[in-house]
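Quick notes on the structure that follows.
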Amino acid sequence: LFGSLFSVGIDAATSCRFRDAAREFALLTLTPNVSEFFPVVAMADLQGLRRRTARHITWMYQLIDGHVERRMRGRETAGALGEKEKDLLDVMLDISEKQEQSDDSLTINRGVIRAFLAVSIYMEYGPI
């Protein structure tokens, strides 16, 4: 799946890290949170669930942002040559660029691309 999203492979260590992060993320989201029952203590994050979840999301987003940035720089460099990878990321970037030129109601920005790819990766490496 990673190859169809970014046209690059990942090493075994990163693949294991994805799997571990996806499993822990699933466990964190399924863990009963004291804050759900007592909203007054939500800011304290007594169980550390918000902090641990944020750590996984931040790691995933940094990885995705790195790939998106490299692809965008590569597209700028290729420019007139028109060489593209023709993967999901390229399709989403093409839609995003076309959207900037028109007034479509469909909005695909960097945040949408990042979230979509993160969910796709999670679904691939998740505990299901």
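The values are calculated or read from the model by the stated rules, or taken from the named source; none is laboratory data. These numbers were taken from a predicted model, which means no experiment stands behind them. In this analysis, Cβ positions are derived from the backbone assuming ideal geometry, glycine residues included, and neighbour counts consider all displayed protein chains. The area values use the complete protein model at the heavy-atom level, side chains included, leaving out ligands, DNA and RNA. Shrake-Rupley method; radii C 1.70, N 1.55, O 1.52, S 1.80 Å.
Structural remarks
- Other residues whose C-beta falls under 12 angstrom from the C-beta of Glu69 contribute a net charge of +4, scoring Lys and Arg +1 and Asp and Glu -1.
- Given their separation in residues at 0.36 nm each and the Cα-Cα distance between them, Ala12 and Arg73 gain 19.3 nm when the chain is fully extended.
- Computed from label points 7 Å out along Cα-Cβ, the spacing between Arg52 and Asn33 is 1.3 nm.
- Per-residue ³J(HN,Hα) for the stretch 107-112, Karplus 6.51 cos²θ - 1.76 cosθ + 1.60, θ = phi - 60°, Hz, x for Gly and Pro: 10, 10, 10, 4, x, 5
- Nonpolar atom fraction for the stretch 4-75, defined as the carbon and sulfur part of the 1.4 Å probe accessible area, stands at 62 percent.
- Other residues within the sphere of radius under 14 Å centred on the Cβ of Leu28, judged by their own Cβ, net out at +1 (K and R +1, D and E -1).
- Solvent-accessible surface ranking, highest first, for Arg19, Arg70 at 1.4 angstrom: Arg70, Arg19
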